[in-house]
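Taking it in order: structure first as structure tokens, then the write-up.
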Amino acid sequence: MNSTQRLHTFLFFLCCFVLILPQFVYGQEKGTEFRITILKSSGEPQRGMILKINGRSEKYLSNDQGVITFRYEIEEAYNRLANIYFPGDETTAVASFLLKDTETIKTLYLDSAEDIASFKQSNKTFPIEGFVKDASMKPIQGAVVSIQGTGRRVLSDEIGLFHIDADYNHPITVRVEGMENRSLNINTFLERPEEPYTIIMYRKNSTRIYSVVEHMPEYPGGMKAFINYLKRKLVYPPQAKKEKLEGVVAVQFVVEKDGEITYPTIVRSLRADMDSAALTAIRQMPNWIPARENGMRVRCKYSVPVQFKIEQPKPAPQKPAVPAKPAATPKDSLRTDSLATDSLKRMILPGDSLRTDSLLLKPDSLLLKGDSLKALNDSILLKNDSTALKPAPDTPAEKPKKRNIFVRFFRWLFGIKD
């Protein structure tokens, strides 16, 4: 064996060592492997279907055979719900199931709106089968099962079993003498095609509990009022909220003839504490508007979803930022000097205080008329009182006018005195 062959052999064993060793050291990959197959009612695979697990961000897609494979480590503390969505719509789940280690392989039959439209247009038929039984679960022989409007009909055998071809365009009717007629659609049978669907028949005018009636029961105010009721009354279990576990619990109950809620049961579970909280909220509901069939009040079975969702706090409105004042410069410090902002300076002084003085007299209040001095005979004014009309100390005395020498001569000659 030359050196090249030895090198190749060494690399081969090295690759095997790298690939196999981690499995011996760490064991097999953790979690239980699930295999979910999604088919149309016709048996064709549903490609691109989306599977998401509550509380997980991962999502898994079905391959060309409609198969989804994934691993999930099942925890004993609580169960996880897996939801199935059609491609392009991840808001409305079309199927849901709990992840259990006893049900790792599952087949679902789901038809999209486009598939159903195609089946209706082509009037495609599907083989269905079921059991017809009475309220005590005894099989009914001779029940007439027909596809309305097609002429196709069969009778149930001694164990109540029947087989017939149905389609999406016509309802399936079951008739038994002395009992209420039942009308079903094909989806009821195609959801579980691997096992016969059991149809329970009830005697006429009995205290039977209806599943479908002309006027279904209704919460007072409608479903919007029911959702608001759950927001007020549903108590989120603290542990589930701490673990950020979200999901939907489906609760079924009976609306009695007087609207009272009885026999609430869980038909889709999440976890024990969440199921209990959902049941408590349903039991405390006010009476519903009862169902009606042929104008009569009847007992009716009804199912509602109770959603557990942690509401995210709304962000507080942001206040507009106040621009910071620039630091004062030496020049600015002079402008903001205490003397410059002194209270005396900030006082608004009028142009002339005398003009706006509170003791201001009228403009002519101290003025005498032109001839008032002539009319006054007051002795005080006539007397040479030392205090009368003395010039103010600050008023300078008028200087005698200097006259020309000729003027002074003539004034002396004619005896004119100053």
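The values are calculated or read from the model by the stated rules, or taken from the named source; none is laboratory data. Just so we're clear, the structure is a prediction, and the values are computed from it rather than from any experiment. Ideal geometry is used to build each Cβ from the backbone, glycine not excepted, and the neighbour counts take in all protein chains shown.
Filtered by the rule that a residue be closer than 29 Å to Lys309 by Cβ and modelled with pLDDT of 90 or more, the stretch 180-220 gives Met216, Pro217, Glu218, Tyr219, Pro220.
Taking the stretch 271-304 as the region of interest, how many residues are touching a helix residue (DSSP H, G or I) at 6+ places or on another chain (Cβ under 8 Å), crowded, with 16+ Cβ neighbours inside 10 Å and part of a loop (DSSP other than H, G, I, E, B)? The number of residues fulfilling the criteria is 2.
Please pick out the residue among Phe189, Phe226 that is closer than 30 Å to Met285 by Cα and aromatic (Phe, Trp, Tyr).
When all the criteria are applied, what remains is Phe226.
When residues of the stretch 144-167 are filtered for being touching a residue at least 24 places away in the same chain (Cβ under 8 Å) and in a loop (DSSP other than H, G, I, E, B), how many remain?
Final tally of qualifying residues: 4.
One residue stands out in the stretch 237-253 among those that are touching a strand residue (DSSP E or B) at 6+ places or on another chain (Cβ under 6 Å) and buried (at least 18 other Cβ atoms within 10 Å of the Cβ): the one that is farthest from Arg80 (Cα to Cα), namely Phe253. Considering the stretch 238-261, the residues that are in contact with a helix residue (DSSP H, G or I) (Cβ under 7 Å, 6 or more places away or on another chain) and modelled with pLDDT of 90 or more include one that is farthest from Ser276 (Cα to Cα), namely Ile261.
Is at least one residue of the stretch 223-240 assigned to a strand (DSSP E or B) and of a type in the set (A, V, I, L, M, F, W, C)? Within the stretch 223-240, not a single residue is assigned to a strand (DSSP E or B) and of a type in the set (A, V, I, L, M, F, W, C). In the set (1) modelled with pLDDT of 90 or more; (2) touching a Phe, Trp or Tyr at 6+ places or on another chain (Cβ under 9 Å), Val94 fails one condition alone, (1). Pairing residues of the stretch 115-140 that are without any contact (Cβ under 8 Å) to a residue 40 or more places away in the chain with residues that are of a type in the set (Asp, Glu) and surrounded by 12 or more Cβ atoms within 10 Å (Cβ to Cβ), at Cβ distances under 7 Å and at least 6 apart in sequence or on separate chains, gives Pro127/Asp165. Being free of Cβ contacts under 8 Å to residues at least 60 places away in the same chain, closer than 22 Å to Glu194 by Cα, assigned to a strand (DSSP E or B) and of a type in the set (Gly, Ala, Ser) is a description that does not apply to Ser96.
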